[in-house]
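Data block below; observations after.
Only the coordinates and a few stated rules stand behind these numbers; no lab work does. It should be emphasised that the depicted structure is a prediction, and the values quoted were computed from it without experimental measurement. Every residue, glycine among them, receives a Cβ derived from its backbone with ideal geometry; neighbour counts consider all protein chains shown.
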Amino acid sequence: MALGTDYPHQDCSLARALEVVGERWSLLIIRDAFYGVSRFNDFLVHLDLPKAVLTARLNSLVEAQVLAKIAYQQSPPRYKYVLTESGRSLWPVVYGLAQWGFNHVSGGMPKMLFSHTPCGSRLDAFGGCPACGGPVPPEAVTMQQGPGADEPMRQDPVSQALVQARPLLTPLAVDRPSRRSDSRRAG
Ligand SMILES: [Zn+2]
């Protein structure tokens with residue numbers, strides 16, 4: 001029997017939260033949104049997941065108001081997916097879970113490093129700035145590749161664009177020359 005996707009007999013806010021973000025891929029989609037990924041095809045090439053699964057996860061995250069679906073082009077219609085305020089407040093969860101994975105599961109060298117943008121200090125294990133004190137919101141975090149980054153690098157355009165140090169939540173500009181030729185064929 002397949003496992004259900006909800007926890008009807010668990011009257012607990014953690015169970016409610018897992019119904020929204022606990023599905024396979026959901027947290028990786030949210031992580032990518034913090035990295036600045038916003039377009040369907042960019043999530044697709046970076047996460048290597050089936051199209052139908054990506055569609056379903058994006059729709060459920062929009063329905064849960066974690067992501068907002070925003071039209072950025074009219075014809076043909078194109079949409080981008082950006083974190084809402086509710087979605088941005090998941091940053092400590094995403095960061096904390098990644099830290100836990102590094103410390104207790106994957107080990108080795110970190111693939112990605114996160115620092116406080118104004119002072120350049122590496123975030124501590126709890127996502128705070130050791131120099132300035134206190135928690136750091138994702139708007140003030142800069143990401144850059146760490147010494148454990150995959151070698152050779154993934155060749156998809158999103159991975160290539162993430163090689164440069166960049167502030168979180170900055171829309172990723174991905175070169176996509178093949179799409180221009182696609183639209184010529186379609187037009
Ligand atoms: Zn700082």
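At a glance:
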{"item": "As computed over region 62-173, the Cα convex hull volume per residue (Å³)", "result": "132 Å³"}
{"item": "Student exercise, the chain dipole from Lys, Arg, Asp, Glu Cβ charges, in Debye to nearest 20", "result": "740 debye"}
{"item": "Relative compactness, region 70-110, computed as alpha-carbon Rg over 2.2 N^0.38 Å", "result": "1.85"}
{"item": "Within-11-Å neighbourhood charge of Leu44 [Cβ basis; K, R +1; D, E -1]", "result": "-2"}
{"item": "Cα coordinate range in the chain, projected on the principal axes (Å, largest first)", "result": "54, 45, 30"}
{"item": "Tyr95, Tyr79 arranged by Cβ crowding within 10 Å, fewest neighbours leading", "result": "Tyr79, Tyr95"}
{"item": "Neighbour-count order for Tyr72, Tyr35, Tyr81, Tyr7, fewest beta carbons within 10 angstrom listed first", "result": "Tyr72, Tyr7, Tyr35, Tyr81"}
{"item": "Under 17 Å from Lys69, Cα to Cα: aspartates and glutamates that are on another chain or at least 8 residues apart", "result": "Asp32, Asp42, Glu85"}
{"item": "Per-residue Cβ neighbour rank within 10 angstrom, fewest leading, Trp100, Trp91", "result": "Trp100, Trp91"}
{"item": "Pairs of Cα atoms farther than 20 Å apart, region 80-141, %", "result": "31 percent"}
{"item": "Choice from Val93, Val105, Val21 showing the highest fluctuation, given a GNM over the chain with Cα pairs closer than 10 Å", "result": "Val105"}
{"item": "For the chain, calculated [θ]222 nm from helices alone, where every DSSP H run of n ≥ 4 adds -39500 (n - 2.57)", "result": "-10500 deg cm²/dmol"}
{"item": "Fluctuation leader among Met153, Met112, Met143 - the chain, Gaussian network, Cα springs under 10 angstrom", "result": "Met153"}
{"item": "Relative pair counts by distance (%), Cα atoms of region 18-75, 10 Å bins", "result": "22, 60, 16, 1"}
